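*Asks:* One structure, as structure tokens, below. Some questions next.
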Amino acid sequence: AKNSGGKKAQAFQQHVRDDIGSMQKLQLDLTDAIRNGEIEPWFQPQVRLADGRLHGAEVLVRWRHPTRGLLTPDIFLPAAERAGLMIDLDHAVWKSAMDLARGWQDADVWRPVISLNAAPDTISDPYLIERFLRAVQLSGLEADQVVIEVLETTLINGKDDLASINIDSLAECGIALELDDFGTGYASLSKLTQLPLAGIKLDRSLIAPLPDHAADSVVRAILALAAELGLHVIAEGVEEDAQAAHLKERGCNVGQGYGFGRPMPPKEFTTWLSANAK
Ligand code: C2E
Ligand code: CA
Ligand code: CA
Ligand code: CA
């Protein structure tokens with residue numbers, strides 16, 4: 001019995017080692033991937049509900065891995081976070097996205113407005129403002145053409161921590177901030193008045209059950225609160241026409257979801273734009 005227990009423990013340790021081994025490999029690969037241009041910004045349309053016109057696009061990272069194929073964020077972001085790579089990853093994605101956006105602007109396809117996701121580490125980075133504003137300037141886009149989406153979990157600390165100082169600076173520089181995944185957290189309501197937010201993004205979990213009566217009550221209450229506070233509202237995960245119609249009727253500003261368009265690689269989004277942006 002003792003022997004078989006030992007074997008089990010050994011097997012378990014080997015399993016853990018393999019796991020850590022592949023994690024370290026993923027981290028090394030990711031560092032190379034950023035350097036080699038395997039990290040791509042994909043774009044998902046955000047549509048104004050009132051008139052169906054394009055409002056903006058959210059930038060969503062993909063990793064075109066040489067052997068493992070196309071990887072979505074759920075596969076590599078947790079490892080990137082643990083490896084402390086999120087700051088470099090975010091800036092790499094943002095830069096490529098801004099360069100592409102500048103191309104659309106120059107080709108006169110669209111005056112782009114792009115929403116960039118930011119990891120908690122990226123928001124607390126002491127070099128955030130310097131690095132980001134310089135990148136915006138180099139891209140030739142105006143401050144009102146880039147939006148930063150922040151997660152509520154970024155902002156659990158006090159008024160004087162680096163995250164809130166950075167957030168205040170971004171807002172002072174004219175960068176709009178949106179609170180992502182609104183409706184999933186626990187401290188959302190107080191954050192709405194404490195932060196210099198331009199808008200909120202209603203989480204997909206609030207949109208999916210619409211037009212169910214209970215879900216509708218929650219959405220209506222949030223929209224009323226947002227209107228009171230002067231916040232712009234984007235609904236995420238809009239898949240059905242009926243959801244879009246319902247949200248429009250309730251006065252929600254913008255819809256985003258498979259019902260309007262999936263996240264697309266740059267080339268496909270360029271084609272999509274020429275059919276949909278004017
Ligand atoms: P998120 O910011 O909440 O992004 C929305 C997610 O919902 C995206 O998943 C998008 O592809 C997906 N989605 C959009 N419309 C629909 C719909 O109608 N139905 C359903 N079921 N899903 C929809 P994705 O691209 O896999 O990204 C997952 C998360 O990874 C993002 O959630 C965001 O938190 C994070 N992320 C993505 N790109 C970046 C990035 O460049 N930097 C950072 N820091 N995080 C990123
Ligand atoms: Ca987001
Ligand atoms: Ca979200
Ligand atoms: Ca999310």
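The values are calculated or read from the model by the stated rules, or taken from the named source; none is laboratory data. Since we're looking at a predicted model, the values are computed, not measured. Heads up, the Cβs are rebuilt from the backbone with ideal geometry, glycines too, and the neighbour counts pull from every protein chain shown. SASA here: full protein model, heavy atoms, side chains in, ligands and nucleic acids out. Shrake-Rupley method; radii C 1.70, N 1.55, O 1.52, S 1.80 Å.
*Asks:* Taking every DSSP beta bridge with both residues inside the chain, roughly what % is antiparallel (nearest 5)?
*Replies:* In the chain, DSSP labels about 40 percent of beta bridges as antiparallel.
*Asks:* For the stretch 77-86, what does the Karplus curve 6.51 cos²θ - 1.76 cosθ + 1.60, with θ = phi - 60°, yield as ³J(HN,Hα) per residue in whole Hz, taken in order and with x for Gly and Pro?
*Replies:* With coefficients 6.51, -1.76 and 1.60, one gets 5, x, 5, 4, 5, 4, 7, x, 9, 5 Hz.
*Asks:* With charges only on Cβ, +1 for K and R and -1 for D and E, what is the dipole size of the stretch 200-278 about its Cα centre, in debye, rounded to 20? Numbers along the way, then the final one.
*Replies:* Details: 8 positive and 10 negative charges, 65 e Å.
Computed about the Cα centre, the dipole is about 320 debye.
*Asks:* Which order do the peptides 113-121, 213-221 come out in when sorted by mean C-beta neighbours inside 10 angstrom, highest first?
*Replies:* 113-121, 213-221
*Asks:* Additional query: Of all accessible surface on the chain at a 1.4 Å probe, what whole percent is carbon and sulfur? The partial results should precede the final answer.
*Replies:* Values: 7470 of 14210 Å².
Summing carbon and sulfur atoms, their accessible area is 53 percent of the total for the chain.
*Asks:* A further question on this structure: Could you state, as a whole-number percent, how many of the C-alpha pairs of the chain are farther apart than 24 Å?
*Replies:* Values: 21071 of 38503 pairs.
In whole percent, the long-distance tail amounts to 55.
*Asks:* Mind checking which aspartates and glutamates have their C-alpha under 17 Å from K278, skipping anything on the same chain fewer than 8 residues away?
*Replies:* Result set, ordered by chain and number: D51, D106, D108, E268.
*Asks:* Given bins 5 angstrom wide, list per bin the percent of all Cα-Cα distances in the stretch 157-278, short to long.
*Replies:* 2, 10, 18, 19, 17, 14, 11, 7, 1, 0
*Asks:* Under a Cβ-only charge scheme (Lys and Arg +1, Asp and Glu -1), can you give me the dipole magnitude of the chain about the Cα centre, in debye to the nearest 20?
*Replies:* Details: 27 positive and 39 negative charges, 170 e Å.
Dipole of the chain, to the nearest 20 debye: 820 debye.
*Asks:* Further question: Counting Lys and Arg as +1 and Asp and Glu as -1, each charge on the Cβ, what is the dipole of the stretch 61-126 about the Cα centre in debye, to the nearest 20?
*Replies:* The calculation lands at about 240 debye.
*Asks:* Considering the options A50, L85, L138, tell which one lies farthest towards the positive end of the dipole of the chain, charges being +1 on Lys and Arg and -1 on Asp and Glu at the Cβ, about the Cα centre.
*Replies:* Toward the positive end, the furthest listed residue is L85.
*Asks:* Next question. Before I look further, what does the chain give for accessible area per residue, probe 1.4 Å, in whole square angstrom?
*Replies:* I get 51 Å² per residue for this part.
*Asks:* Take the chain, connect every pair of alpha-carbon atoms lying under 10 Å apart with a spring to form a Gaussian network, then pick out the residue of L151, L225, L179 with the largest mean-square fluctuation.
*Replies:* L225
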